[in-house]
Amino acid sequence: METKQILDTIQMISEEKLDIRTITMGISLFDCIDSDGEKARQKIYDKLTTSAQDLVKVANQIESEYGIPIVNKRISVTPISMIAAACHDDNYVAYAKTMERAAETLGVDLIGGFSALVQKGYQSGDKKLIASIPQALSETKRVCGSVNVGSTRAGINMDAVKQMGSVVKDLAQIDPVSCMSLVVFANAVEDNPFMAGAFHGVGEADKVINVGISGPGVVKRALEKVQGQSIDTVSETIKKTAFKVTRMGQFVGNVAAKALKVPFGIVDLSLAPTPNEGDSVAEILEEIGLESVGAPGTTAALALLNDAVKKGGVMACEHVGGLSGAFIPVSEDSGMIRAVEHGNLNLEKLEAMTAVCSVGLDMIAVPGNTPAETISGMIADEAAIGVINNKTTAVRVIPATGKKVGEQIDFGGIFGYAPIMPVNTKSPAKFVNRGGRIPAPIHSFKN
Amino acid sequence: MKGTIVMKAVVTVVGHDQVGIVAKVSQKLAELKVNITDISQTLMHGDFTMMLMGEWNEKTTTFDSVKKGLEDLGKKTNLDIRIQRQELFDAIQKL
């Protein structure tokens, strides 16, 4: 092996902050179903703590032997609305607490799957789960929840859209920071390793290891070397870099899966930023040639980036899955924060950007007095972009209770802080309150 | 050879140039029963940078003990010494 290649790899890790963002073990809970809630929860705790008992140990060992930081170790489980539906409990907060207790025992960072899939309608468990979300997520630290309200095949469940606006508000009333643990999806994927939206899909194996990579810093550094060259060169450079980054994900996933004796599922080819300088998707877009993210041209640059990352990554690993695209969470990206603070990036532009990347309006703080119907309107808009364009979209919005535009809300650590963004104050209440379902879109005449 | 698991790793040493870096590191590796299969040095951002490819029998010497030995030496000599298993580099750089 050439010296340059070794140095190149070491530099990617030590200076350009290349890391494995997460190793997520998906665990099916179908064999834990019981009509007695207490018994079901005991089975869940036992299954989680035995299945994943070596997860953190193995991840730490990989970190030590290969010198690659593995930032998060996580677990995703079958949507609890399906598992708990068989029991007679009135609410499912106790299930969230069981998940929390298991996560604590295992030492994992987050556990996802306090979830419901209601794109076409509610079963009894879905209703109880969604009603339990505010209490469940505010009384736990590591539990993440998600609700899928639409799909390209089913359309958009507007009753769920309406309800989720209120649920987000209710959760924010108790604790706005907890809103970062809740995602509202359209076209949710079953093998996503990233939080807060990870759950273990019903079509998955009993246990599986999924890996989420990172690496905005590596892409930016590579682009610095091709300044002023044509867009073709930009695309090629991103592809080559994504290839290397994905190879690392594939490698780490394989090593982890083998050590844990669990099948390796997928690598999620996402560029996931952190608030650290040099680890920003916004800065990549600026490196491509925008004075600030949010400038006209942002959507096109992001589309190019997103597509090139996928093209580079697809060949580098056996199975691609999850969300696979550039993330644009405002609070977790120093460049996005800067653009919002300087008035260069607004909600409408972010919404446009979500049409060409994963995943949606992510980690966005809005004024505390934003009405529930307005949040439902935002959810409906994002869901429509996903459903019509056959892609995953999501809303993870934080109504900063008691705060207004110009202030900010802190999430701590890799979750960063978010400046509170202005929201269009015209009301969609009558639209949202109609309820019902937006029919599935036609799959021809694509204009 | 029976009872042998070959562990291959890349050792990188970065820091201010000083007398005897190569000697100190290679002596430590010899103590740890690590065989050096390749060695090269260069300057990276003005820092002395040395790379060594090493291998040893994991049955007799664990990765952790080699890592600890090198880290201790790094602290003593004010050099940044890191060791990573070689498969990582192969995975990233080779098709």
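Data for the structure
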| item | result |
| --- | --- |
| Count - residues of the stretch A:358-387 that are in a strand (DSSP E or B) and either buried (at least 21 other Cβ atoms within 10 Å of the Cβ) or under 16 Å from the mean Cα position of the chain (by Cα) (or both) | 7 |
| Residues (within 8 Å of another protein chain (Cβ to nearest Cβ) and not acidic (Asp, Glu)) located in the stretch B:54-85 | B:Phe63, B:Lys67, B:Arg82, B:Ile83, B:Gln84, B:Arg85 |
| Failed item, numbered, when A:Lys141 is tested on (1) in a loop (DSSP other than H, G, I, E, B); (2) under 17 Å from A:Val77 (Cα atoms); (3) touching a strand residue (DSSP E or B) at 6+ places or on another chain (Cβ under 6 Å) | (3) |
| Test: residue in the stretch A:335-357 that is surrounded by fewer than 24 Cβ atoms within 10 Å (Cβ to Cβ), over 21 Å from the mean Cα position of the chain (by Cα), more than 16 Å from A:Ala186 (Cβ to Cβ) and of a type in the set (Gly, Ala, Ser) | yes |
| Residues located in the stretch B:1-16, provided they are surrounded by 12 or more Cβ atoms within 10 Å (Cβ to Cβ) and either touching a helix residue (DSSP H, G or I) at 6+ places or on another chain (Cβ under 7 Å) or not aliphatic (A, V, I, L, M) (or both) | B:Met7, B:Lys8, B:Val10, B:Val11, B:Thr12, B:Val13, B:Gly15 |
| Filter result for A:Glu63 (within 14 Å of chain B (Cβ to nearest Cβ) and surrounded by 15 or more Cβ atoms within 10 Å (Cβ to Cβ)) | yes |
| Residues of the stretch B:29-53 satisfying the condition of being under 17 Å from B:Asp80 (Cα atoms), touching a residue at least 24 places away in the same chain (Cβ under 8 Å) and not aromatic (Phe, Trp, Tyr) | B:Leu29, B:Met44, B:Asp47, B:Thr49, B:Met50, B:Met51, B:Leu52, B:Met53 |
| Test result for A:Asp36, among the acidic types (Asp, Glu), over 27 Å from the mean Cα position of the chain (by Cα) and at pLDDT below 95 | no |
| Among (1) more than 30 Å from A:Ala188 (Cβ to Cβ); (2) in contact (Cβ under 8 Å) with a residue 24 or more places away in the chain - the single one A:Gly228 does not satisfy | (2) |
| Sole residue being over 21 Å from A:Gly368 (Cα atoms) and touching a residue at least 60 places away in the same chain (Cβ under 8 Å), chosen from A:Ala160, A:Ala154, A:Ala172 | A:Ala154 |
| Every residue from the stretch B:39-53 that is over 10 Å from the mean Cα position of the chain (by Cα), of a type outside the set (Gly, Ala, Ser) and either facing another protein chain (nearest Cβ under 10 Å) or buried (at least 18 other Cβ atoms within 10 Å of the Cβ) (or both) | B:Gln41, B:Thr42, B:Met44, B:His45, B:Thr49 |
| Matching residues in the stretch A:1-23 - criterion: being of a type in the set (Ser, Thr, Tyr) and facing chain B (nearest Cβ under 9 Å) | A:Thr3, A:Thr9, A:Ser14 |
| Residues located in the stretch B:13-28, provided they are of a type in the set (D, E, K, R) and under 12 Å from the mean Cα position of the chain (by Cα) | B:Lys24, B:Lys28 |
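The values are calculated or read from the model by the stated rules, or taken from the named source; none is laboratory data. Treat the numbers as computed from the prediction; the structure is a model and nothing was measured. No Cβ is skipped: glycine too gets one built from the backbone with ideal geometry, and neighbour counts run over all protein chains shown.
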